[in-house]
Each structure stands twice: as C-alpha cells, then as structure tokens.
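The values are calculated or read from the model by the stated rules, or taken from the named source; none is laboratory data. Just so you know, these numbers come straight off a predicted model, no measurement behind them. Note that each Cβ is placed from the backbone with ideal geometry, even for glycine, and that neighbours are counted across all protein chains shown.
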Amino acid sequence: MKQAIALLSWSLWVDCPECDDETICLCDGSDNTIAKAIFNNNWDNLKGHEVECPYCGKTFAIEKVEY
C-alpha cells in the first residue's frame, strides 16, 4: 500500500475591535496557548486571552471562540 504525508493547517481569526475592519490571524507565541486550547477542545480557556493588534497596536481580550 502506498503512503502519503498529511498536512494539517489551522487558523483562528479575530476582528480587531479598535480597527473595526482589520482581521487578524492569531499565531501562537512560544507558549502555544491558542493551539493547546483549540486542539484539546478547551476553547473556553481562551476567554480573556489578550491579543495585540499588529495594525493599531491596541490590546484586547478574546471574548469567546465560535465554530
């Protein structure tokens, strides 16, 4: 039987409440907080997780993750 390599690609998008029109793809820092929460089905752990917008520099918190 032939084998193939599978590639997993994921992203979590959020709209900056300050910019109002900029959508940010959240990439993890070194602690992988977002990936751990998403892949362990602990989305509620991201409530209150702070994000800094790369466009306006403002910091805001994630309210919830919807699928």
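Quick notes on this structure:
- Residue in region 37-46 that is acidic (D, E) and not in a helix (DSSP H, G or I) present: no
- Unique match (being surrounded by 12 or more Cβ atoms within 10 Å (Cβ to Cβ) and among the aromatic types (F, W, Y)) among F39, F60: F60
- If you go through region 1-20 and keep only what is farther than 16 Å from Y67 by Cβ, loosely packed, with under 10 Cβ neighbours inside 10 Å and either in contact (Cβ under 8 Å) with a residue 24 or more places away in the chain or not small (G, A, S) (or both), you end up with M1, K2, Q3, I5, L7, L8, D20.
- Unmet criterion (only one of (1) within 14 Å of the chain's Cα centre (by Cα); (2) at pLDDT below 95; (3) small (G, A, S)) for G57: (1)
- Subset tally (residues that are in contact with a helix residue (DSSP H, G or I) (Cβ under 8 Å, 6 or more places away or on another chain) and closer than 20 Å to C19 by Cα) for region 37-52: 1
- Checked against the criterion of being under 10 Å from the mean Cα position of the chain (by Cα), at pLDDT 90 or above, within 18 Å of S9 (Cα to Cα) and not small (G, A, S), the candidates I62, I38 yield just one match: I38.
- Across region 3-17, not a single residue is classified as of a type in the set (D, E, K, R), on the phi < 0 side of the Ramachandran plot and either part of a loop (DSSP other than H, G, I, E, B) or in contact with a Lys or Arg (Cβ under 6 Å, 6 or more places away or on another chain) (or both).
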